[in-house]
Amino acid sequence: MKQVFKNLRWIIVSLFLIILLLISHNWAVKNKQELEQQHFSKMDPVIMIPGSNATQNRFDSLVMLLNKNSIHKHDLLKLTVQTNNKITYTGSTNLTGKHPVIVIAFTNNKDGYSNIKKQAEWLRVALEQLIIRYHFNHFDALGHSNGGLIYTYFLEHDATRLGVRVQKFMTMGSPFNLNKQSITDQTQMLADFIKYRENLPKQLEVTSVTGAQNYSTDGLVPVNSAAAEKYVFQEVVKNYTVVTVTGSNAEHSDLPQNPQVVNLVQKTFF
Amino acid sequence: MITEKIIRTLEPFLLKWHEKISFNNVIRKTAVLIFPFVLIGTLSQLVQLIFFTPNSFSILVLHLGNFTGLIGNTGMLFKLLTESTLGILGILTAYGTAKFATEMHHDNQLAGLVGAISFLILSYRFSNRQFSISWIGSTGIVVGVLVGFGVASIFKIWSKPVPSKPISFLNRVFASFLSVNLSFLIAIILTVLINLIIIETSKINPNIIATHSHIFWIFGISILRLLMTFLGLSDGGLSFLSTTSNSTNLNVALIHHSLWSIPFPLTIKSLYIAYGNFGSTGMLLALVILILRESKLHDFKIVARWSLLPIIFNLNMPLMIGLPIMFLPTFVIPYFLAPLVSMFIAALAITLHIIPAMVYPVPTGTPVFLQVFLGTGGNWLALLLGIFNLGISALIYWPFLKLDEKVLMDNHLPSGLSDEKVSRS
């Protein structure tokens with residue numbers, strides 16, 4: 001009888017120990033993940049979207065110029081979202097530093113409001129994956145040309161649901177009224193943007209960079225179409241700053257490489 | 001084989017030590033005197049650690065406790081109990097040692113009180129005009145013993161024996177009046193000196209130790225740490241070990257999602273806390289398990305049974321006082337050897353990339369044998385190495401336990417806490 005009790009005691013003790021170990025193991029793994037997440041939430045990536053017909057390599061020269069000027073080299077991760085939501089990653093997949101640069105491009109990079117809506121959805125898919133992968137909870141946004149429109153659509157419809165905070169947003173020559181010269185003649189897209197502008201994050205800091213070759217165009221986008229941006233952001237977001245760049249290299253496609261613009265990007269984001 | 005060899009070599013030394021019967025007797029009697037308070041204090045400390053410490057192991061991992069409101073405040077009562085028992089252990093030790101070291105025909109009750117008060121005088125800090133909490137508490141045991149013997153020798157020399165039939169009460173008082181004053185005078189002179197030394201040494205930058213990550217430093221500091229705990233100069237707490245290399249390690253590990261590429265794999269944390277302390281200070285858990293399984297001495301078993309749970313949470317006072325280990329030479333060698341061997345094995349394993357280093361922070365009140373498991377993010381191999389080390393430590397303790405038992409039994413010496421003579425039965 002005594003022997004039975006002794007055996008029973010050992011069984012209970014070892015059962016208790018095994019359960020203790022399993023619980024501890026669970027906690028240790030969870031704790032490690034939480035620590036890593038907390039660590040990475042310090043990361044504040046700058047996520048850039050190129051304009052129509054541009055690929056994921058659109059900002060290579062911008063990042064090169066940025067890195068040339070700074071001591072800390074920014075990691076560059078490039079994503080292309082295919083039409084079936086599949087995403088390819090190129091560049092440095094192991095992001096370090098406080099402000100890595102992530103470029104999100106789309107296989108379908110065509111112009112037009114319907115495409116912009118699709119691209120905004122692909123942007124959401126890509127951001128979702130990025131957040132799961134890199135555990136950041138805030139980022140800064142930069143959109144060149146149509147990229148700015150895609151971001152605006154995303155900010156008005158999907159940003160809050162995703163649980164990330166966009167702090168700073170810069171557009172470069174984004175045609176908010178597409179290719180319309182007149183401001184009174186609103187496109188459906190601009191009308192929608194204005195309609196849903198109350199959904200924009202109140203703490204957003206917006207900078208609008210417009211190029212100008214003459215008084216009416218930057219070579220592609222009408223100055224008035226870019227200026228229509230103010231009807232979307234002004235008085236809704238925390239602040240809205242307009243910068244007009246003229247002189248050499250102020251043509252629409254040159255904007256991301258323009259020295260003044262690079263300087264401005266550096267000061268705004270890094 | 002080896003056991004017998006060790007016993008044969010060391011037995012004469014130990015016997016010689018036991019012949020200094022007065023010192024041994026005083027230490028053992030004092031241990032008996034303070035043991036109940038140690039036990040009560042430690043157990044209430046344990047309750048506090050398990051149920052009432054915010055962000056402790058049991059709350060974070062096991063979801064036990066975390067009482068708030070009225071029940072949460074009862075934690076304070078356990079703290080009170082701990083501080084009024086363990087918290088004044090130094091004073092109790094001074095009292096006991098002075099009392100038992102003074103012979104009967106002197107006023108040993110008075111000697112005890114004088115010892116306690118002299119100890120208080122020595123604990124006074126001029127810098128903040130308060131008694132030093134750590135000196136009065138368990139870290140003051142070694143000072144308490146020294147003060148006790150000092151006061152006792154003053155009483156032996158300067159007091160007249162207490163008259164067996166005192167004519168008046170004052171007779172009794174003035175028989176020891178000179179020694180009381182002399183004790184206080186010496187205590188005051190010493191406390192001035194001690195305060196001067198403390199003020200001077202506090203100017204030295206303590207960061208010298210913290211910034212080094214060299215293997216000899218790690219072992220050196222660990223030895224120093226063990227020595228201090230053995231002499232009762234520290235309670236075995238592990239907070240001293242946070243160094244800059246640990247935070248660097250943590251950052252790198254978090255960035256790379258891996259423990260293998262950290263810059264300082266060998267640190268005090270990854271060796272001493274993880275493996276040298278796997279079974280509490282001096283790997284005493286190994287000794288407790290050994291006693292519970294193998295010892296023939298009833299007293300040892302009782303003490304081991306009471307010590308098991310506290311030892312798992314690195315509260316070693318009941319075993320140090322109860323067996324006793326502190327101040328007595330029996331277990332000195334394994335007490336130092338077991339952790340150092342464990343650390344050495346761990347250092348080899350880490351260098352050979354068999355196990356990762358312990359990097360992640362661990363909640364307070366984590367059982368000692370789980371620290372490395374949690375600190376490596378749940379690495380089973382690390383846990384197994386710790387258990388292996390515990391086994392090695394038990395093997396190291398084994399001959400010395402046999403030796404102690406043999407010496408006690410052969411010579412019919414009082415064992416541990418009881419004054420009964422041990423006999424071969």
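A short reminder: the numbers here are calculations on the coordinates, not readings from a lab. Just so you know, these numbers come straight off a predicted model, no measurement behind them. Cβ: placed from backbone, ideal geometry, glycine included. Neighbour counts: every protein chain shown.
On a 0 to 90 degree scale, rounded to 10, what angle separates helix B:298-312 from the longest Cα axis of chain B?
Tilt relative to chain B: about 50 degrees.
Give, as ranges by residue number, the residues of the range A:18-56 whose backbone N falls under 12 Å from the point 7 Å along Cα→Cβ of residue A:70.
A:44-47, by backbone N distance to the label point.
Rounded to the nearest 0.05, what FRET efficiency do residue B:345 and residue A:167 have when you use their Cβ-Cβ distance and R0 = 51 Å?
With R0 = 51 Å, the Cβ-Cβ based efficiency is 0.50.
Determine the calculated [θ] at 222 nm for chain B from helices alone, applying -39500 (n - 2.57) to every DSSP H run no shorter than 4 residues and normalising by the residue count; nearest 500 deg cm²/dmol.
When only DSSP H runs of four or more count, the value is -20500 deg cm²/dmol.
Per residue, how much space in cubic angstrom lies within the convex hull of the C-alpha atoms of the range A:45-269?
Hull volume normalised by residue count: 106 Å³.
Give me A:253, B:280, A:14 ranked fewest to most by other Cβ atoms within 10 Å of their Cβ, as a rough exposure proxy.
Ranking A:253, B:280, A:14 by Cβ neighbours within 10 Å, fewest first, gives A:14, A:253, B:280.
With chain A treated as a Gaussian network of Cα nodes joined by springs under 10 Å, which of A:49, A:194, A:19 yields the largest mean-square fluctuation?
Looking only at A:49, A:194, A:19, the biggest GNM fluctuation is shown by A:19.
Where does the charge balance sit around residue B:102 when Lys and Arg score +1, Asp and Glu -1, over other residues with C-beta under 15 Å from its C-beta?
In short, +3.
What dipole magnitude, in Debye to the nearest 20, does chain B give about its Cα centre under +1 on Lys/Arg Cβ and -1 on Asp/Glu Cβ?
The calculation lands at about 480 debye.
Can you show me the helix-derived [θ] at 222 nm for chain A, built from DSSP H runs with n ≥ 4 at -39,500 (n - 2.57) apiece and divided by the number of residues, rounded to the nearest 500.
-13500 deg cm²/dmol
Between residue B:395 and residue A:138, what FRET efficiency comes out of the Förster formula 1/(1 + (r/R0)^6) with R0 = 41 Å and r the beta carbon distance, rounded to 0.05?
0.15
Amide H to amide H, which residues 5 or more places from residue A:170 or on other chains are under 5 Å from it, using H placed in the peptide plane?
Excluding prolines and chain starts, which carry no amide H, the hits are A:141, A:142, A:143, A:207.
So which chymotrypsin sites (Phe, Trp or Tyr not before Pro) in the range B:257-288 end up in coil per DSSP with only 13 or fewer other C-beta atoms within 10 Å?
B:260
Report the relative contact order of chain B, percent, no decimals, based on alpha-carbon pairs under 8 angstrom and at least 6 residues apart.
17 percent
Which order results if A:172, A:64, A:189 are arranged by neighbouring Cβ count within 10 Å, fewest first?
A:64, A:189, A:172
For chain A, find the longest principal axis of its Cα atoms and tell me its angle to the long axis of helix A:60-69, 0 to 90°, nearest 10.
Long axis of A:60-69 versus the principal axis of chain A: about 80 degrees.
Using only Cα atoms, locate the centre of the range A:3-25 and the centre of the range B:81-151, then give the distance between them in Å, rounded to an integer.
43 Å
Given labels modelled 7 Å from the Cα in the Cβ direction, how far is it in nm from residue B:5 to residue A:15?
It works out to 4.6 nm between the two label points.
Quick one: if the Förster radius is 22 Å, what FRET efficiency do residue B:248 and residue B:62 give, using the C-beta to C-beta distance and rounding to 0.05?
0.10
In the protein assembly as shown, with Lys and Arg counted as +1 and Asp and Glu as -1 at Cβ, which of these residues, B:39, A:83, A:65, has the Cα nearest the positive end of the dipole, that is, farthest along it?
Toward the positive end, the furthest listed residue is B:39.
Roughly how many debye, to the nearest 20, is the charge dipole of the protein assembly as shown about its Cα centre, given +1 on each Lys and Arg Cβ, -1 on each Asp and Glu Cβ, and no other charges?
The calculation lands at about 1640 debye.
What residues from the range B:102-130 fall in the zone where the backbone N is under 20 Å from a label point 7 Å along the Cα-to-C-beta line of residue B:171?
B:104-111
If I model a spin label as a point 7 Å beyond the Cα along the Cα-Cβ vector, how far apart are those points for residue A:157 and residue B:354 in nm?
With each label point 7 Å from Cα toward Cβ, the separation is 5.9 nm.
Over the residues of the range A:77-158, compute the C-alpha Rg and express it relative to 2.2 N^0.38 Å.
1.05
Relative to the first principal axis of the alpha-carbon coordinates of chain B, what is the inclination of helix B:177-201, with its axis defined by its Cα atoms, in degrees from 0 to 90 and to the nearest 10?
Relative to chain B, helix B:177-201 is tipped by roughly 30 degrees.
Select from B:139, B:120, B:180 the residue farthest towards the positive end of the dipole of the range B:67-187; place +1 on Cβ of Lys and Arg, -1 on Cβ of Asp and Glu, and compute about the Cα centre.
B:180
When the distances between all Cα atoms of the protein assembly as shown are binned every 10 Å from zero, what whole-number percent does each bin get?
Spelled out per bin, shortest first, that is 3, 12, 17, 16, 13, 11, 10, 8, 6, 3, 1, 0, 0.
About the Cα centre, and with charges only on the beta carbon of Lys, Arg (+1) and Asp, Glu (-1), how big is the dipole of chain A? Nearest 20 debye, please.
Here chain A has a charge dipole of around 1400 debye.
Determine the relative contact order of the range B:310-391: mean sequence separation of Cα pairs under 8 Å and six or more apart, normalised by residue count, in whole percent.
RCO, the range B:310-391: 28 percent.
Take residue A:108 and residue A:82, extend 7 Å from each Cα along the Cα→Cβ direction, and tell me the distance between the two endpoints in nm.
It works out to 1.4 nm between the two label points.
Given the range A:49-156, what count of lysine pairs have C-alpha atoms under 22 Å apart, with each pair 8 or more places apart or on different chains?
12
Could you compute how fast chain B diffuses translationally, taking Rh as the Kirkwood radius over C-alpha pairs and applying Stokes-Einstein at 4 °C with viscosity 1.567 mPa s? Give it in µm² per second.
Roughly 55 µm²/s, to the nearest whole number.
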